1. Inside the range 136-175, can you point out the residues that are hydrophobic (A, V, I, L, M, F, W, C) and under 30 Å from VAL68 (Cβ atoms)?
2. If you take the residues in the range 84-99 that are exposed (fewer than 14 other Cβ atoms within 10 Å of the Cβ) and not acidic (Asp, Glu), which one is nearest to the chain's Cα centre (by Cα)?
3. Criterion first (over 29 Å from ALA172 (Cα atoms) and at pLDDT 95 or above) does LYS34 satisfy it?
4. Scan the helices (runs of 4 or more DSSP H) fully inside the range 76-185 and keep the ones with 1 or more residues being within 30 Å of ASP37 (Cα to Cα) and touching a residue at least 12 places away in the same chain (Cβ under 8 Å).
5. Given the options THR149, THR170, name the one that is assigned by TED's automatic domain parsing to the domain that holds ARG133, over 27 Å from PHE13 (Cβ atoms) and of a type in the set (Val, Ile, Thr).
6. Could you run through the range 41-75 and say how many residues are in a loop (DSSP other than H, G, I, E, B), touching a strand residue (DSSP E or B) at 6+ places or on another chain (Cβ under 8 Å) and of a type outside the set (Gly, Ala, Ser)?
Amino acid sequence: MGGLRFGVNMEKFAVKRGLIKQLGTSGLTQLGAKHFDDVTASAEGGFTASKGILTHVEAKYDGEGALVVDSQQMRGTDLEALLSEDGGRETAMESRAAWSSFLDEATGYSPKQRSDKAKAEGKKLSKAKSSIRMALKMIDMSKSISDETIVLVHELIAEIEEKIEQKNATRAQSLSEKLGKLIES
């Protein structure tokens with residue numbers, strides 16, 4: 001990943017079709033420079049930065065066309081100290097506004113649209129998890145499913161679980177549909 005380290009605070013956002021191509025290879029870094037401070041570009045077209053209460057922001061587009069962001073924000077006594085300083089509240093508000101504007105431009109979606117996309121992804125992941133439970137229940141209950149089919153089902157379940165772990169909801173859902181057809185046949 002060449003300098004970018006994505007961790008616990010990682011978020012993934014859907015990106016409007018064609019936006020990444022429109023921005024070009026350095027477009028995300030340019031957006032970062034527009035909204036944040038201390039921007040450092042990475043070899044993959046991503047960047048690291050900070051701004052006010054956002055002590056660390058790392059962003060890149062992944063291979064599936066999503067925006068992946070890892071951010072850290074001031075907390076506890078550090079945040080209290082900043083907010084009690086002259087202009088501290090304004091700094092905090094500017095940081096949040098920069099974050100929101102960056103997400104708007106880097107995804108091509110408004111906050112409402114991002115929320116709707118996230119809900120849809122959550123539903124797909126939930127359906128994929130449900131299909132796994134249903135397939136395992138069918139295997140337990142059925143006497144007519146062959147050992148070959150059971151092996152295929154477990155292989156497919158492993159692949160679905162991998163896609164769920166990767167938060168690839170679209171692929172997890174399509175594999176779960178395939179799982180349903182395999183169990184029904």
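1. LEU156, ILE157, ALA158, ILE160, ILE164, ALA169, ALA172, LEU175
2. My answer is ALA97.
3. For LYS34, the condition - over 29 Å from ALA172 (Cα atoms) and at pLDDT 95 or above - is met.
4. Answer list for the range 76-185: 76-84, 88-107, 111-141.
5. THR149
6. Residues flagged as in a loop (DSSP other than H, G, I, E, B), touching a strand residue (DSSP E or B) at 6+ places or on another chain (Cβ under 8 Å) and of a type outside the set (Gly, Ala, Ser) within the range 41-75 amount to 4.
The values are calculated or read from the model by the stated rules, or taken from the named source; none is laboratory data. The model shown is predicted, which means the values in this text are computed figures rather than measured ones. Cβ: placed from backbone, ideal geometry, glycine included. Neighbour counts: every protein chain shown.
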